[in-house]
1. Would you please name the residue that is surrounded by the most Cβ atoms within 10 Å (Cβ to Cβ), looking only at residues in region 31-57 that are out of contact with any helix residue (DSSP H, G or I) (no Cβ under 9 Å at 6 or more places or on another chain) and over 17 Å from residue 21 (Cα atoms)?
2. Starting from region 39-51, keep only residues that are on the phi < 0 side of the Ramachandran plot and at pLDDT 95 or above, then list their pairs with residues that are surrounded by fewer than 17 Cβ atoms within 10 Å (Cβ to Cβ) and in a helix (DSSP H, G or I) whose Cβ atoms are within a distance under 6 Å, requiring at least 6 positions of separation or different chains.
3. Can you confirm whether residue 83 is within 15 Å of the chain's Cα centre (by Cα), at pLDDT below 55 and at negative phi?
């Protein structure tokens, strides 16, 4: 869950940018995403949320993210997070992100 793009941003950075609280919560609580990684500009996901006025996400991340990492135990089940991210490069590339955990 902590893969990085060319700008060193993680999926959590993107979810914070878009203010997608459901995805932020899932990445932190279920997938165990690290909340303190910095992108190439030295920003953590909480800083990205602040810069783009996503106060609920910023508050959640500043509070420690609601419980600390991946849940253990239990058996089976499935969680799915999906999103579409537009990259503003010259050609307007579209990146579709789909994560499925079983």
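1. Per the criteria, the residue is 40.
2. 46/62
3. So residue 83 fits the description; yes.
The values are calculated or read from the model by the stated rules, or taken from the named source; none is laboratory data. Only a predicted model underlies this, so the values are computations on that prediction, with no experimental measurement involved. Every residue, glycine among them, receives a Cβ derived from its backbone with ideal geometry; neighbour counts consider all protein chains shown.
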